[in-house]
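A.B. asks: Pasting a structure here, questions to come.
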Amino acid sequence: MINLRDLGAAQWDKWNRPKRTAFSIIAIILVGLLPILNISLLNTPSTSYVDVLVYPVGMFVLMSLGLNIVVGKSGMLDLGYVAFFAIGAYTMAYLGTHTHLNTWEILPIGIALAMVAGVLLGIPTLRLRGDYLAIVTLGFGEIVRISAINTVKIGGPNGISNIPNPPSIFGLQFNILNPKAFFWLIELMILLVIWMVRRLSVRRPGRAWESIRQDEDAAELMGVPTLKYKIWAFVLGAAVGGAAGVIYASKALYIAPDGFTLNVSILILSCIVFGGIGNIWGVILGGVFLAYLPERIRFITNARQLIFGITLVVIMNFRPDGILPRKKREKILTKTDMK
């Protein structure tokens, strides 16, 4: 079967640096123009496609890129990623309604608290592997949600309402009537995460994550401080989730514990597996597809989830490694086998 990822990589390798830069700039501009084009054909039954571009599409892509650092780069199965999303959202909701801080001032606080939560979760649990780690992270996600339900100070089961929108910046007004501004903000954050991941991937942390993903025992024998770099992965992934939570709360204006269930973690993980574990562009494609499809077929109500599930099963049977899987080292393996 044709590997779309290898075809794209081969074409990319043929281009020199100016061509690559020009292509990247054009792609960024075209994506940024999506909210302005007003393509009615892409509207969903319940809302316009511009609103869907912000949530769930933009948010799913951003969170998928964050979770991909943990799952795709380091090979750790995290089923509680929604906890960091919730921490960022509740930080924005509580501080936004009880203090004079605005969204831009709360954003670094939400990221910092999510990172602290990543450290607190990572230090005692990252010595576990496989299913055991998945169960512990799943439990952490449920602990955060149940704690929110039982904490009256942060709204309890009723959540927090009247969350303020971000103040205008560079002439952009952030409100419910102007989703374009939120989309451009999320696009900027996605670009920053992509830049960060690509920079780290070619440096020592990226090499350490790769070795941990391939064989953690061998990595330890080679002197790689595996616990340190696993915590790095957890903290960076948590930071992205926390940032997404802050932006989500400032856009939604209301949050409640029911919005941060295990289903959200499963959907974000599905975006990574569906698109291609470890491949940034595959993760983005998976996030766009799995976020948009359920909204597009919302008109069939009860059968929507069934069709969504059947679509996943069919596609994953034909593309078990994802739509755009990471590049495999087939030539290296062949030479090694010959020796």
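A.B. asks: Tell me yes or no: at least one residue of the stretch 187-197 is out of contact with any Leu (no Cβ under 8 Å at 6 or more places or on another chain), buried (at least 18 other Cβ atoms within 10 Å of the Cβ), part of a helix (DSSP H, G or I) and not charged (D, E, K, R).
C.D. replies: Within the stretch 187-197, not a single residue is out of contact with any Leu (no Cβ under 8 Å at 6 or more places or on another chain), buried (at least 18 other Cβ atoms within 10 Å of the Cβ), part of a helix (DSSP H, G or I) and not charged (D, E, K, R).
A.B. asks: Just checking, how many residues over the stretch 118-155 are farther than 30 Å from residue 99 by Cα and of a type in the set (A, V, I, L, M, F, W, C)?
C.D. replies: Total meeting the criteria: 8.
A.B. asks: Now, a different point. Pairs under 8 Å by beta carbon, first residue surrounded by fewer than 11 Cβ atoms within 10 Å (Cβ to Cβ) in the stretch 20-43, partner part of a helix (DSSP H, G or I) and among the basic types (Lys, Arg), six or more apart or different chains?
C.D. replies: Pairs that qualify, where the first residue is surrounded by fewer than 11 Cβ atoms within 10 Å (Cβ to Cβ) and the partner is part of a helix (DSSP H, G or I) and among the basic types (Lys, Arg), are 36/180.
A.B. asks: Here are some residues: 140, 174. Which one is touching a residue at least 40 places away in the same chain (Cβ under 8 Å) and open to solvent by less than 30 Å² (accessible area, probe 1.4 Å)?
C.D. replies: Details: 140 fails: open to solvent by less than 30 Å² (accessible area, probe 1.4 Å).
None of the other options fit; the residue is 174.
A.B. asks: Also: Quick test for you: out of 208, 303, pick the one residue that is aliphatic (A, V, I, L, M) and open to solvent by less than 10 Å² (accessible area, probe 1.4 Å).
C.D. replies: So the residue among 208, 303 that is aliphatic (A, V, I, L, M) and open to solvent by less than 10 Å² (accessible area, probe 1.4 Å) is 208.
A.B. asks: On the given criteria, is residue 286 at pLDDT below 90, open to solvent by less than 30 Å² (accessible area, probe 1.4 Å) and not hydroxyl-bearing (Ser, Thr, Tyr)?
C.D. replies: no
A.B. asks: Any residue at all in the stretch 107-118 that's crowded, with 16+ Cβ neighbours inside 10 Å, in contact with a helix residue (DSSP H, G or I) (Cβ under 7 Å, 6 or more places away or on another chain) and more than 19 Å from residue 144 (Cβ to Cβ)?
C.D. replies: Yes, that holds for at least one residue.
A.B. asks: Can you tell me which residue in the stretch 236-263 is nearest to residue 197 (Cα to Cα), limited to those that are open to solvent by 20 Å² or more (accessible area, probe 1.4 Å), aliphatic (A, V, I, L, M) and assigned to a helix (DSSP H, G or I)?
C.D. replies: In this case the residue turns out to be 236.
The values are calculated or read from the model by the stated rules, or taken from the named source; none is laboratory data. Predicted, not measured: the structure shown is a model, and the values here were computed from it. Because the Cβ atoms are built from the backbone with ideal geometry, glycine has one as well, and the counts that use them run over all protein chains shown. Just the protein is used for accessible areas: all its heavy atoms, side chains included, with ligands, DNA and RNA removed. Shrake-Rupley method; radii C 1.70, N 1.55, O 1.52, S 1.80 Å.
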